[in-house]
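Please read the structure below before turning to the comments.
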Amino acid sequence: MKLLLRRGFRRSVVRDQFTCVNAVMFRRVWRGTNETVLALSESEALAYRVAEGDADPSDPFVVDPDLTMWQCGGEFLDVAGQLLGLPAAPGQSAFDRNSGG
């Protein structure tokens, strides 16, 4: 979690009104992309990258698979690590991505 915060993600607690589940959300917007990790527990998480305009911050639990640039579900450490290991998004230099901003 600390690595995500060092990389520019902001942490908040969100609630899925449909399933009444709380999650810890890590989210950052960088050069037109929205990168999100939703941690439901240590063993259940969802991470995704979408274009900033395609993200719905009011309901981060619903992700249109046709709009995602990348998404993955599984254990928190696995999905967060995979998201951080992605190559830079189009229009984002590798230096900027590795420096976290």
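When restricted to residues that are surrounded by 14 or more Cβ atoms within 10 Å (Cβ to Cβ) and not in a helix (DSSP H, G or I), region 1-44 contains 25.
So, in region 45-85, of the ones that are out of contact with any Cys (no Cβ under 9 Å at 6 or more places or on another chain) and assigned to a helix (DSSP H, G or I), which residue ends up nearest to Val29 (Cα to Cα)? Restricting to residues being out of contact with any Cys (no Cβ under 9 Å at 6 or more places or on another chain) and assigned to a helix (DSSP H, G or I), the top hit is Glu52. Residues in region 45-95 that are open to solvent by less than 80 Å² (accessible area, probe 1.4 Å) and hydroxyl-bearing (Ser, Thr, Tyr): Tyr48, Thr68, Ser93.
The values are calculated or read from the model by the stated rules, or taken from the named source; none is laboratory data. The shown structure was predicted, so the numbers you read here are calculated from the model rather than taken from an experiment. Cβ atoms come from the backbone with ideal geometry, glycine included; neighbour counts cover every protein chain shown. Side chains are part of the model used for accessible areas, which takes the heavy atoms of the whole protein and leaves out ligands, DNA and RNA. Shrake-Rupley method; radii C 1.70, N 1.55, O 1.52, S 1.80 Å.
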